[in-house]
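Q: Here it is, the structure, as structure tokens.
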Amino acid sequence: MYYVYMLKSFKKIKGWIYVGCTSNLEKRLQEHQEGKCYATRRYLPVYFVYYEAYASKEDAYTREQKLKYHGSSLQKLRQRLRMSLSTEGLGENTD
């Protein structure tokens, strides 16, 4: 399986979301958590918000590209995940 996933930072960085694609979701999340990924290192700690699973590598990478480079795709997903993307959705106290 191939996964398209979304991470968000616990830091209050308005609008920051990381979208990635991998065949090993658990290993990739661990790499992000350990600061091994340049793109997310400065936003640590990050939390896992969402993923989609695909049998086809091509389908997964196409979806990742749509989320990264076509604003309307990401905007629709953000609307669906409104509470998950807020720290209130995690039960965290933001004050």
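Values quoted throughout were computed directly from the atomic coordinates according to the rules given, and no laboratory measurement underlies them. Being a predicted model, the structure only gives us computed values, none of them experimental. Positions of Cβ are generated from backbone atoms using ideal geometry, with glycine treated the same way; all protein chains shown enter the neighbour counts.
Q: Is there a pair in LYS11/LYS76; LYS14/LYS76; LYS8/LYS66; LYS36/LYS66 whose C-alpha atoms are over 21 Å apart, and which pairs would that be?
A: Over 21 Å apart, Cα to Cα: LYS11/LYS76; LYS36/LYS66.
Q: Please work out whether the chain counts as rounded, prolate or oblate from its C-alpha gyration tensor, where a ≥ b ≥ c are the square roots of the eigenvalues and a/c under 1.5 means rounded, while otherwise a/b larger than b/c means prolate and anything else oblate?
A: oblate
Q: Indicate the gyration tensor shape class of the stretch 22-62 (rounded, prolate or oblate), computed on the Cα atoms with a ≥ b ≥ c the square roots of the eigenvalues: a/c under 1.5 is rounded; otherwise a/b larger than b/c is prolate and the rest oblate.
A: Because a/c hits 1.5 or more and a/b exceeds b/c, the stretch 22-62 counts as prolate.
Q: Follow-up. Net charge within 9 Å of LEU85 by Cβ-Cβ distance, Lys/Arg positive one each and Asp/Glu negative one each, not counting LEU85 itself?
A: +3
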